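The values are calculated or read from the model by the stated rules, or taken from the named source; none is laboratory data. What you see is a predicted model; the values in this text were computed from it and never measured. Note that each Cβ is placed from the backbone with ideal geometry, even for glycine, and that neighbours are counted across all protein chains shown. Accessible surface areas use protein heavy atoms only, side chains included; no ligands, DNA or RNA. Shrake-Rupley method; radii C 1.70, N 1.55, O 1.52, S 1.80 Å.
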Number of protein chains: 2
Amino acid sequence: MKFIKQRFAIKCCARGIASIFLLLLAVCGQAQAHQHQHKHNNKYLLETHDQVEQMRAAIMAKGRFADKFNQQKTYIDAKLMAPLNVPLPADAGGGYTHEVHKKNYADMLTAGRIFVLTQEPKYAQYVKRVLFAYADMYPSLPLHPKQKEQSPGKLFWQSLNEAVWLVYSIQAYDSIKGVLSDQEKMRIESNLFEPMVDYLSEQSPQTFNKIHNHGTWATAAVGMAGYVMDKPDWVEKSLYGLDKSGTGGFMRQLDELFSPQGYYNEGPYYQRYALMPFVLFAKAIEVNQPEREIFKHRDNILIKAINTTVQLSYNGLFFAINDAIKDKGIDTVELVHGVAIAYGITQETGLLSIVEKQNNILLTGYGLEVANALDANKKTAYPFASMSFGDGLKGDEGALLVFRQNQADDHQTLVFKATSQGLGHGHFDKLQWMFYNKGQEIVSDYGAARFLNIEAKYGGHYLPENNTYAKQTVAHNTLVVDQMSHFNGSTAKGNKYHPQVLFTQLDEHLNISSASMQNAYDDINFTRTQALVNTPEGKVFVLDILDVDALTNTKHVYDLPVHFNGQFIDSNVVLDSYTQQQRALGDNNGYQHLWLQSKGATTDDLVKVTWLKDRTFYTHTTVNSAAKTATNSSANTQDQSLLMTRIGANDPNFNLIANQALINRVSGANDHQFLSVLEVHGEYNPTQEFTLNSHSQLTSLANISDVIGLPNLNVFSVQFDGELEYLLVINKTDSQVTFDYKQKKHVITRKATLLRAN
Amino acid sequence: MKFIKQRFAIKCCARGIASIFLLLLAVCGQAQAHQHQHKHNNKYLLETHDQVEQMRAAIMAKGRFADKFNQQKTYIDAKLMAPLNVPLPADAGGGYTHEVHKKNYADMLTAGRIFVLTQEPKYAQYVKRVLFAYADMYPSLPLHPKQKEQSPGKLFWQSLNEAVWLVYSIQAYDSIKGVLSDQEKMRIESNLFEPMVDYLSEQSPQTFNKIHNHGTWATAAVGMAGYVMDKPDWVEKSLYGLDKSGTGGFMRQLDELFSPQGYYNEGPYYQRYALMPFVLFAKAIEVNQPEREIFKHRDNILIKAINTTVQLSYNGLFFAINDAIKDKGIDTVELVHGVAIAYGITQETGLLSIVEKQNNILLTGYGLEVANALDANKKTAYPFASMSFGDGLKGDEGALLVFRQNQADDHQTLVFKATSQGLGHGHFDKLQWMFYNKGQEIVSDYGAARFLNIEAKYGGHYLPENNTYAKQTVAHNTLVVDQMSHFNGSTAKGNKYHPQVLFTQLDEHLNISSASMQNAYDDINFTRTQALVNTPEGKVFVLDILDVDALTNTKHVYDLPVHFNGQFIDSNVVLDSYTQQQRALGDNNGYQHLWLQSKGATTDDLVKVTWLKDRTFYTHTTVNSAAKTATNSSANTQDQSLLMTRIGANDPNFNLIANQALINRVSGANDHQFLSVLEVHGEYNPTQEFTLNSHSQLTSLANISDVIGLPNLNVFSVQFDGELEYLLVINKTDSQVTFDYKQKKHVITRKATLLRAN
């Protein structure tokens, strides 16, 4: 009876519609506060008694779990004898004391785990000694001397790190609490954990109640401490906010921080980071209060979020959109926990191949489960797939489109970023794209300008160049109007508007989506259609149609950069090169960081640039609007040129990485269509000394909608080697349309269709 | 009797001392011409009857050989049905017809091998059809339309490719000859192979008799054809030159193209290429005339050459000295043959781990041997070692010094290039160095400016920038005087002079060598001492002492570039940056290709630059001579600055790769000592989010010879963290020397000694 009632309470929360959401939450929250009894007794925070027994048996047997146990035991045994090192907080992120305090929680956690498994007192002693040292120091600590602006910590420069410290250390404490005397427990709890919880919750209401990953870390830390120290009140506050109304807290974070598809609006790099407190706290809730059915909440949103984080990776690394550090990927500890926990709940064997790549078995109940499953060869391939990840609370504020050609590790992947801004870590990159092949970035996003934890680089913070370059529109593969960034570089404005996805179609040979963006510029709207094509004849290409819609008669300069990765091989443009000296391309909005290497125009119909990355050639081709004939009378007033750039200007501290880009620039334009193709072609084989198809095979690219003459159809022709001709047909209606082309009749039944024209 | 006489004949050749060398060779050559009977009957060119039987059995069993057979059979079965494609020669290297003719010989060879193994007529038919097509075309071919200057071919733009074609095709013919009618054989031999042999030998005497790898390809092709077609005269000419005097030909190539340590003077990239005809022809000689004991010639020189080629690699890729294409390594087909043949002769199981990395089992007798050995798990680690590879006929014309820390794949390796010029493919890089760690180049040589086989890049030739940049001294990590290259960029002059190695000592914690160079500049000699140090306390560093000895009173500008690979992190020099525009650093000798990014001077004692490559930090430190006090009175007139550069100026076609360098520049100097250290330190771990020791720990670096005050000792102090102090002591004498330093007594018994000073 109680159980049913409580489920209803949770459901009523989840279903609360916007207008009565706050009210309902308040009611639910209070109801739950009374209904839930804290059930933590003699059980560990993250595993059941049974699991603990199984783990203790597993370390005596053979397998991945025992291997990891032995490795970790060897590691921590060496630590046990070392003198304690609990220095007074002094350094910023990446600095000495910062790293020592991080190391301490990691070592305590390890020792705690080994104690759970072995019950050998020396491990508990070690954790106790370290916690005592912190308990002796903590009460007298002032705010950190290098405190970060918004929310300082005491052990660390920001309270975020303090919450992380608590998430780990409370687990270590949980492991050994059972063998401590009341006096010892009191020394640790009253001097360390209670004041820390108080500092992170009551004294930091803005962070604690924030619907943001910083808030999730704080609520998880406090909630987990609540379970371990038997403080139901802390748990309730963590779940429903300090006032327990549901306007803040973990449940609302679950409801609002992920889209229905499990997409976190700052992008995968932060999604991975945000995931840790979500999955750990949720696991603690599940173990301690299974009746809350936390993993079923909002249609299994946490499992979706874990899977989405994996899907948003290529060759093990996350898509580097927004403020992403590029070398982060699926082996981060957050996903090690997340994927193992998800497997424990779903038993999806595809997750096991991710676990295997992570190569990091955890000494937890859920760690044992994946270790056993891998030992039993249950692993199957992870089902990477072409998917649309809706952004926003309802999944309708734009989307991240991921197109994949197949399941191989080095398959082609196109990411079309039609998401919303993504808060403070978002970039001004509406409707940009990225492309991957053979395990490499080919058309890339710069990611964040930051050297995480490297003190010499601005203390490991985001560098000034993150704002002056990495966030700016020109640093991305999308439209720049008059050398201004989207929303004129205002995050506040960016957060107000999001793209509209017009359609998405994910088929075997054609993955395609179209989205439009308004308000990125005052008097310009733009619509982009991106298609990843893999024809039965083996041609692989991206078709990119960018329609610029000018709302006034003003003439503009449109730049369309392609940040490519590889060695420039060739162009059909005669480039006028700045050989003896070169200048920055502009003065601001990111342009000040680009050296203009060369510039040129062509009278050819197509503008081509070929580059080589590893052993594959890539050619980017754009229709040259300046070469157009009378069909578009305004075109003749336009000027189109190709600019080649490299990062490095106005970068006296070498904070930026010297990547290159090609920019197709159209000047004196009003409405305009950029029609482009990226071809994947050929092979350079230095081992066997041969080279195949190093030249672009694309011979013609055109918008032939006028030729077809049906107003409801947009038709694009892509021709290779002067022969093989494909048509991409986009039907603006929902009805069937028929047309003739080169003596062949075509019946169009879908939104987007790829045809052989010959 | 005959056997003994012949062995004597060979020995007398090998022992011939310089003064009577030519005479003896002439005598020996003629003697052999009469003594050797061509023994090729019913045996294959490269394997015995027994081996053929074993191979035929192996394809019916399980294992690597059978796997490869099945794979190759599947491949060639698909080819058998395809129409023949033997186009008229038209394109340069990398072009269509060039690649087709290469593909044809490879496919013929494969089909031939499958025929040997299966005896199924269809494979012989295929080879015959292709050879007929060539036989029909060849007699009427003029010189190739895109003929290369020096020595054009007919099928290919250069005769070198034609010789390669013959080396392969004659093997294919050898495989099927036994089932052809006399008429068929005549069609192929008289129309194709005989005229081709004639063209490559009698009509191309300069190439055929040349002591150079082009000569080796020609002699090997002709000699192998001689065995297959039973023409002892061709074999003799191949071995001893067209006039059979021994002044040209394969035997003299064996005697002169490798140093006694098996070093080929153009460097490993060309050594690998040159190796192919050596090992194949030698194998053919061994099979057909084992009494020549070709592999024992000159103290097993061919086996040494094969092993040296492997030793001259790091992480599978060759040291990129001279005109090297950087992505060439131990998996090239030349070494696949070489290593398998060497294993067949030596049974050294270390070679098997190279075979395993090559992952390319050959369908030959020696291929079967390594496949069987790998199947039987006989593999051991390849014994990579610190070694000195003497250059020149006697090994005394300089040396390539290779220092390795251990056997791991990602170990630290220092290459100190004190070799001679290396003929036309040599660079002006006397006494330069390179450094590798964790599988990566850290301090690098540019290698060749060339995109092999990529037509768009100057037809796949060496680019003009190979001369204007890659060969120039500034493109290397060595001394540049007054912005001029060594030997003023004259290869002819460079070939006249070579460095003198003064001493080399290869110990567990200290690998060190010293070499001096005269005549690279008219009035400057320089001596460099390079040490790779790995202390018991775990400090890893390179110590680099470059002494510049001015022969006149003229003041000079000395540049010492370090071409580093990684992201600049920090410097203690306040750099004056060219933020809005940047210029080329100079007008010629390679300087015209370097953008000067920034420049600065420091008053500190040390000039430091730190960079990050993958997850490790590197700091290069040089003593700031301008900061020196009164001890050296002339020092005050010197000016020392740090220049940061990036390649890219005067490169309108983007032919160069935009690598960076730091350059320590000392102006107004006469005699000078550059004293530098490269530290390997710290760890950047983005997965686990920690950073350790990102700052240089080197706190002091000094030449303290004056402090010690013993004229026979050079003493250098290297101090870390203000504590740990090491002394490198170099004893100029051969006697024991004793000295005191900081209350400790030190006894020096060796040439070079590394001490703890505290």
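So the values come out like this:
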| quantity | calculated |
| --- | --- |
| Hits among aspartates and glutamates - C-alpha to C-alpha of B:Lys394 under 12 Å, sequence gap 8 or more where chains match | B:Asp255, B:Glu256 |
| Between A and B, accessible area buried - total, square angstrom, nearest 100, 1.4 angstrom probe | 4600 Å² |
| Spatial separation of Cα centroids for the range A:165-197 and the range B:137-183, in angstrom | 82 Å |
| Prolate/oblate/rounded label for the range B:83-256 (Cα gyration tensor, a/c 1.5) | oblate |
| Exam field: B:Asp576 pseudo-label spacings to other copies (7 Å along Cα-Cβ), nanometres | 3.2 |
| Sequence-separation-based contact order of the range A:704-758, relative, with Cα cut under 8 Å and 6+ spacing, percent | 32 percent |
| The range A:83-256, dipole about Cα centre (Lys/Arg Cβ +1, Asp/Glu Cβ -1), debye to the nearest 20 | 360 debye |
| Label geometry 7 Å along the beta-carbon vector: A:Asn70 inter-copy distances in nm | 3.5 |
| Charge dipole (debye, nearest 20) of the protein assembly as shown; +1 at Cβ of Lys and Arg, -1 at Cβ of Asp and Glu | 2160 debye |
| Expected 222 nm ellipticity per residue - DSSP helices of 4 or more, -39500 (n - 2.57), all of the protein assembly as shown, to 500 | -10000 deg cm²/dmol |
| Segment A:Asn359-A:Val100, length gained on full extension (0.36 nm per residue, minus Cα span) | 90.8 nm |
| Amide H contacts under 5 Å for A:Gln432, placed H, 5+ residues apart | A:Lys417 |
| Dipole of the range A:387-703, positive end: most advanced residue of A:Gly489, A:Phe568, A:Ser388 [Cβ charges, Cα centre] | A:Gly489 |
| Pairwise FRET efficiency - B:Asp182 versus A:Asn315, Cβ, R0 = 51 Å, nearest 0.05 | 0.30 |
| log10 of Debye I(q)/I(0), alpha-carbon scatterers only, for the protein assembly as shown at 0.05, 0.07 Å⁻¹ | -0.48, -0.95 |
| Per-residue mean of C-beta atoms belonging to partner chains within 10 Å, peptide B:654-661 | 4 |
| Spatial separation of Cα centroids for the range B:533-579 and the range A:402-456, in angstrom | 37 Å |
| Karplus 3J(HN,Hα) series, Hz, for the range A:730-737 with 6.51 cos²θ - 1.76 cosθ + 1.60 (x for Gly, Pro) | 10, 8, 6, 10, 9, 9, 6, 10 |
| Distance between the range B:331-346 and the range A:594-609 - C-alpha centres, whole angstrom | 48 Å |
| Globularity index of the range A:459-574, i.e. its alpha-carbon radius of gyration over 2.2 N^0.38 Å | 1.28 |
| Positive dipole terminus of the range B:704-758, leading residue within B:Asn712, B:His746, B:Thr733 (C-beta point charges) | B:Thr733 |
| Amide H partners (placed H, <5 Å) of B:Tyr521, local residues excluded | B:Phe487 |
| Extension gain (nm, one decimal) between B:Gln580 and B:Leu143, 0.36 nm per residue minus Cα-Cα | 152.0 nm |
| Solvent-accessible area per residue for the protein assembly as shown (1.4 angstrom probe, square angstrom) | 36 Å² |
| Estimated distance in nm for a label pair at A:Glu723 and A:Asn685, the labels positioned 7 Å out from Cα along Cα-to-Cβ | 2.2 nm |
| Per-residue HN-Hα couplings for the range A:455-460 [Karplus 6.51, -1.76, 1.60; θ = phi - 60°; Hz; x = Gly/Pro] | 4, 4, 9, 6, x, x |
| Contact order relative to length of the range A:451-591, as percent, for alpha carbon pairs under 8 angstrom and 6 or more apart | 25 percent |
| Debye, to nearest 20: dipole size of chain A, +1 on Lys, Arg Cβ, -1 on Asp, Glu Cβ | 1520 debye |
| Gain upon complete extension [A:Glu53, A:Asn588; 0.36 nm per residue less C-alpha separation] | 186.4 nm |
| Position B:Pro290, label points 7 Å along Cα→Cβ, spacing to each other copy in nm (shortest first, one decimal) | 7.6 |
| Prolate/oblate/rounded call for the range B:387-703, Cα gyration tensor, a/c under 1.5 rounded | rounded |
| Percent RCO, i.e. relative contact order, over chain B, from Cα pairs under 8 Å lying at least 6 residues apart | 8 percent |
| Whole-percent carbon and sulfur share, accessible surface of chain B, 1.4 Å | 50 percent |
| Highest average packing first - B:578-589, A:713-724, A:179-190, Cβ atoms within 10 Å | A:713-724, B:578-589, A:179-190 |
| For the range B:578-708: rounded, prolate or oblate by the Cα gyration tensor [a/c cutoff 1.5] | oblate |
| Environment charge of A:Gly262, counting only residues whose C-beta is closer than 12 Å and scoring Lys/Arg +1, Asp/Glu -1 | 0 |
| Where labels lie 7 Å past Cα in the beta-carbon direction, separation of B:Glu256 and B:Gln71 in nm | 4.1 nm |
| Per-residue mean of C-beta atoms belonging to partner chains within 10 Å, peptide A:643-652 | 4 |
